[in-house]
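Peer 1: The structure follows.
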Amino acid sequence: NKIKASTVENYSELLEVYPIPSEETAKEQTATLNDVIKRANTIALNKSASNWVDDAYLLLAKAEYYKGNFYNASEYFDYVNLTYTGPKQANNRLAALIGNAQTNLAMEKFADADTLLQAASQIHWRRPLLIVKTIKQPLVT
């Protein structure tokens, strides 16, 4: 994960829980992220009967986040959260809520991020193991 590796942590300062990707890193990885977006769009748009459509939209959201397109990322995260509400999609819905909170933190929309994290905690309390599994999964590999 080149984007995570490029983050330098200064332990003499307060560390960010969700580091915001820098413009330099986003520019370096634009080609790779555009390829991810192209492939995820192929699944989302051309394979609508697939079991992987919610995963494709979640991947689109994460790629847009790492490119620094926070508004687009937030829209994709919202779409996953509001559209894929079945029990089989609970993990992706939780990941979308957490990812959207992360995106809102990057946009300095702290109240919205808090609301999203509260919603994520409600899912967590109904299904306690979901949040642990979701957090352990990297956003980009």
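Peer 1: Anything over 21 Å Cα to Cα? Flag those among K67/K109; K27/K62; K38/K109; K38/K62; K62/K109; K47/K88, in the order listed.
Peer 2: K38/K109
Peer 1: To the nearest 10 square angstrom, what accessible area does K109 show with a 1.4 Å probe?
Peer 2: 90
Peer 1: Output the relative contact order of segment 41-83, whole-number percent, from Cα pairs under 8 angstrom with separation of 6+ residues.
Peer 2: Relative contact order here is 32 percent.
Peer 1: Let me ask another. Which of L45, I20, A56 sits closest to the plus end of the dipole of segment 17-58, meaning its Cα is farthest towards the positive end, when Lys and Arg get +1 and Asp and Glu get -1 on the C-beta?
Peer 2: Value: L45.
The values are calculated or read from the model by the stated rules, or taken from the named source; none is laboratory data. Just so it is clear, the model here is predicted, and its values are computed rather than measured. Quick reminder, even Gly has a Cβ in these numbers, built from the backbone with ideal geometry, and neighbours come from all protein chains shown. These area figures cover heavy atoms from the full protein model, side chains too; ligands, DNA and RNA do not enter into them. Shrake-Rupley method; radii C 1.70, N 1.55, O 1.52, S 1.80 Å.
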